[in-house]
Amino acid sequence: MKRNLDCVVISDVHLGTYGCHAKELNDYLHSIHTDVLIVNGDFIDMWQFRKSYFPQEHIKVIQYILKLSRKGTKVYYLTGNHDDHLRKYSNFRTGNIYLRDKLIIKLGGKLYWFFHGDVFDASVLISPWIAKLGGKSYDMLIRLNRVIDRILVKMGRQKMSISAIVKSKVKRAVKFIGDFELMAIDHAFNEQFDFVVCGHIHQPKIETIVRDDKQVTYMNSGDWVENLSALEYDQGNWRIYYHEKDFIMPVKININNNKIQEVA
């Protein structure tokens, strides 16, 4: 039986790369029914797109999301740095599919700012070729990780995430993630947003920050390369869903009114 949800946020799917878990994402999408689906950037990886690699499982994800939109699900596609070529078509709409660079909505009287997050990444803004090189290196690392995982499973051992180990051990990576989150939160406070929702750094998270008499909730939907995670909103609460672990991490953020209204 499908789970009924008011809103689902996914990001960093990276269709067209070896690291993408398209089959798992397709399984997840088939397991839910949602009124609103927000795809928060890097859905199709145009930086690493190649004609020789775009498997049927990747095509099925696109086809199913199109099917959802035809059946009434409102789909917001927010552009990221890996699909930035689409930004020239911002504010395009066809049926229930809306192309945006950012999305501002009201939900339960709270103001939300959805955007991918690459605007806070200096490597993307200042040296895009370095960022693209890093993307290729990351994809190679994920491919290597898949091989190691297969060996570990055959040996009866648990899988491991090389990239997660690198991110936790390398000080620059830890600092980058911390700085990214802080910049998003600071901007939300400055612009009077109650919620700021990002992707980009592949780190699922929900955290509420209080400053003086004002609070901001930072949320990140993670990715479908390593974490296989999504943000789910249902019955007035946001939570993180982890597909591989079949685990939902509830976070009690109650919203009185479930109606989603686009502001800009």
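Readers should treat all values here as calculations from the given coordinates under stated rules, not as data from a laboratory. This one's a predicted model, so the numbers in the text were calculated from it and none came from an experiment. Here the Cβ positions follow ideal geometry from the backbone for every residue, glycine too, while neighbour counts run over all protein chains shown.
Out of residues 5 or more away from Thr217 or on other chains, whose amide H comes under 5 Å of its own, with H placed 1.01 Å from N in the peptide plane?
Phe195, Val196, Ile209
Amide H neighbours of Thr34 under 5 Å, counting only residues 5+ apart in sequence or on other chains, H built in-plane at 1.01 Å?
Those lying under 5 Å, H to H, from Thr34 are Leu5.
Considering amide H positions built from the backbone, and no H for Pro or chain starts, which residues 5 or more places from Gly108, or on another chain, come under 5 Å of its amide H?
Here Asn257, Lys259 satisfy the definition.
Setting aside same-chain residues fewer than 8 positions from Lys175, which aspartates and glutamates have a Cα under 19 Å from its Cα?
The reachable aspartates and glutamates, counting only those whose Cα sits under 19 Å from Lys175, are Asp118, Asp121, Asp186, Glu207.
Kindly write out, for region 81-88 in residue order, the coupling ³J(HN,Hα) from the Karplus curve 6.51 cos²θ - 1.76 cosθ + 1.60 (θ = phi - 60°), rounded to whole Hz, with x marking Gly and Pro.
Here the 3J(HN,Hα) series is 6, 7, 10, 5, 4, 7, 5, 5 Hz.
How would you rank Cys7, Cys198, Cys20, going from fewest to most other Cβ atoms within 10 Å of each one's own Cβ?
Cys7, Cys20, Cys198
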